[in-house]
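Enquirer: Quick one: structure below, then a few questions.
The values are calculated or read from the model by the stated rules, or taken from the named source; none is laboratory data. Just so it is clear, the structure is predicted and the values come from calculations on it, not from any experiment. Note that each Cβ is placed from the backbone with ideal geometry, even for glycine, and that neighbours are counted across all protein chains shown. For the accessible areas, the whole protein counts, side chains as well, though only heavy atoms, and no ligand, DNA or RNA atoms are used. Shrake-Rupley method; radii C 1.70, N 1.55, O 1.52, S 1.80 Å.
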Amino acid sequence: MAPELTTTLVEWSRWQFAMTAIYHYMFVPLTLGLSFLLAVMETMWVRTGKEEWLHATKFWMKLFAINFAIGIATGLILEFQFGSNWSNYSWFVGDIFGAPLAIEGLFAFFLEATFFAVMFFGWNKVSKSFHLTSTWMVFLGSNISALWILVANAWMQNPVGMEFNPLTARNEMSDFWAVLFSPTAMNKFFHTVTSAYTLSACFVIGVSAWFILKKRHLGFARKSILLASVFGLFSIIATIFTGDTSAQDITRTQPMKLAAMEGLNQGGQGMELTILGFPAKDSRLASDRMRTVKYGIAVPKMLSFLGYHNSNAFIPGIENIINGYTSFEGKTYPSVEQRMANGRTAIAALKTYKTAVEEKNEPLAQEALTTLKKNYADFGYGYLNSKYDIIPPVSLVFYSFRIMVGAGVLFVLLFVLTWWYAKKRKFEKFRIIPYLALFCIPLAYIASQCGWIVAEVGRQPWVVQNLMPTNVAITRIASGWVITTFWMFATLFTLLLIAEIGIMFAQIRKGVTETSETLQNS
């Protein structure tokens, strides 16, 4: 295949997967958090017998169901792409990556989908207690589903618990528990789900604020805001805490991602954290992939503290990583050029090993296997064309990280203000608060997507960190097919999104079904 066609195929395959993932993750966060709020609301109805909690549960459940249905459709297409567009990747790591996804599909999704049917269609058909159990099981199932998917994704960021089989050229799982409970997996799971809870809280508060502005269902809106603001405050605090632990993990396992997040070219001890800045091209830098942060506002030594909880810790920059460095913990990393040489040595040793096995040359096979194991940690570097290929798109990662963090700070303020606003019933005053709540609905979705941009774009060019770059992972098919299906999926998903938003708006405008005076005035 010609190099230009390969480049086109790689880029369009990436764009297709990114587009599908972005659309899919528009629906997932609301499912994770709103299912918990539904379970709490229904629990309050069962325990107190107050009808307003029943009506609140049914209202939010309708919005949950609409979102849940569209999310399933986009998720299925996303998983199919591993076989259609990324078959080399699926072959290389399928024994490991496939296991969490299989568990998710056979156990977690089955649990979630089964009890969703009871939860949504079972009113007046099953007992209160069984219906309540079903609602809690939907929450449990959706979050367990997220766990296994995020475990699979975390393994791509930090591959652990596996052995490479040179005969099949596949990675095989050797330690299931190391994969499941790796620090990267646990940090990713808790940070992702708590940020999803935050988005759900913003959604509930924002929709409830709209009712307040329209002077409709004030009792329902007040109760929803009180519950969601407390839930959201705990969630955003947990998100901030898990973001801190994730930063420490990234510092150790993906230092280039951290450098891109900061636009940091030259590292050092006691590095500052840039709050605001503008990464710009600089002809003095070695590669046009690098950026110089201009007009920056920074907190002294904060990046070192975030990375190691030591304000004087050494943090490597892009140039340090390319040229080789010694980490704060004393581990030495060779230059990228050396790692590329190691990777090419590993690739050559793999070919030699296979040939020696076929020819039954045991001494040569053992020698090649020893060389392969010695250099396998840098296997993926052997497929790079330039040492600068390991630099991700710095500006995109830099800005996405700051939008995500800035939105998180605003959400803390939102949850405190809306709790006070609803608690004190300040519906005729401080009208800016419900408008702020409405503004935070799209902002929460933007922040959520920015988090994934940092995680996924920040690790480029790697599909599996250090072991497989993107250009090796694709399926060798005609790029025209990928381009065609990209636009097909883009059109389909856009129509689905428009339909979902339209149905959601119609349901919100319809309002809450009232059978009690207390719903309006409580």
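Enquirer: Can you run down the residue pairs with Cβ atoms below 6 Å, 6 or more apart or on separate chains, where the first is in region 365-384 and within 17 Å of GLN465 (Cα to Cα) and the partner is open to solvent by 20 Å² or more (accessible area, probe 1.4 Å) and not in a helix (DSSP H, G or I)?
Expert: Pairs found: TYR376/PHE164; GLY380/ASN466.
Enquirer: Sticking with this one: Kindly indicate whether PHE97 is surrounded by 20 or more Cβ atoms within 10 Å (Cβ to Cβ), more than 28 Å from THR135 (Cβ to Cβ) and free of Cβ contacts under 8 Å to residues at least 60 places away in the same chain.
Expert: Yes; evaluated as a whole, the condition is true for this residue.
Enquirer: Right, another one. So which residues in region 185-243 are under 30 Å from VAL160 (Cα atoms) and among the basic types (Lys, Arg), if there are any at all?
Expert: LYS188
Enquirer: A follow-up question, please. Within region 100-127, restricting attention to residues that are more than 14 Å from MET61 (Cα to Cα) and either aromatic (Phe, Trp, Tyr) or touching an Asp or Glu at 6+ places or on another chain (Cβ under 9 Å) (or both), which residue is surrounded by the most Cβ atoms within 10 Å (Cβ to Cβ)?
Expert: Taking region 100-127 first, the residues more than 14 Å from MET61 (Cα to Cα) are 100-114, 124-127.
Subsequent filtering for residues that are either aromatic (Phe, Trp, Tyr) or touching an Asp or Glu at 6+ places or on another chain (Cβ under 9 Å) (or both) retains 101, 105, 107, 109-110.
Numbers: LEU101: 17, GLY105: 14, PHE107: 14, PHE109: 20, PHE110: 13.
Looking at the filtered set, the residue picked out is PHE109.
Enquirer: Further, regarding this structure: Which of the following residues is open to solvent by 10 Å² or more (accessible area, probe 1.4 Å) and touching a residue at least 12 places away in the same chain (Cβ under 8 Å): ALA196, ALA178, ALA201, ALA228? Show your work before the answer.
Expert: On the way: ALA196 fails: open to solvent by 10 Å² or more (accessible area, probe 1.4 Å); ALA201 fails: open to solvent by 10 Å² or more (accessible area, probe 1.4 Å); ALA228 fails: open to solvent by 10 Å² or more (accessible area, probe 1.4 Å).
When all the criteria are applied, what remains is ALA178.
Enquirer: Additional query: Hey, among ASN187, ASN171, which residue is of a type outside the set (A, V, I, L, M, F, W, C), surrounded by 17 or more Cβ atoms within 10 Å (Cβ to Cβ), farther than 30 Å from THR239 by Cβ and modelled with pLDDT of 90 or more?
Expert: ASN171
Enquirer: Among the numbered criteria (1) open to solvent by less than 30 Å² (accessible area, probe 1.4 Å); (2) part of a loop (DSSP other than H, G, I, E, B), which one does ALA286 miss?
Expert: (1)
Enquirer: Is it true that some residue in region 37-47 is among the acidic types (Asp, Glu), part of a helix (DSSP H, G or I) and more than 16 Å from the chain's Cα centre (by Cα)?
Expert: Within region 37-47, one or more residues are among the acidic types (Asp, Glu), part of a helix (DSSP H, G or I) and more than 16 Å from the chain's Cα centre (by Cα).
Enquirer: Starting from region 455-471, keep only residues that are of a type in the set (Gly, Ala, Ser), then list their pairs with residues that are buried (at least 19 other Cβ atoms within 10 Å of the Cβ) whose Cβ atoms are within a distance under 6 Å, requiring at least 6 positions of separation or different chains.
Expert: Matching pairs, first to second residue: GLY458/LYS257; GLY458/ALA260; GLY458/PRO392; GLY458/VAL397.
Enquirer: Turning to a different aspect of this structure: Hey, does region 291-300 have a residue that's in contact (Cβ under 8 Å) with a residue 12 or more places away in the chain, open to solvent by less than 30 Å² (accessible area, probe 1.4 Å) and either of a type outside the set (S, T, N, Q) or over 30 Å from LYS423 (Cα atoms) (or both)?
Expert: no
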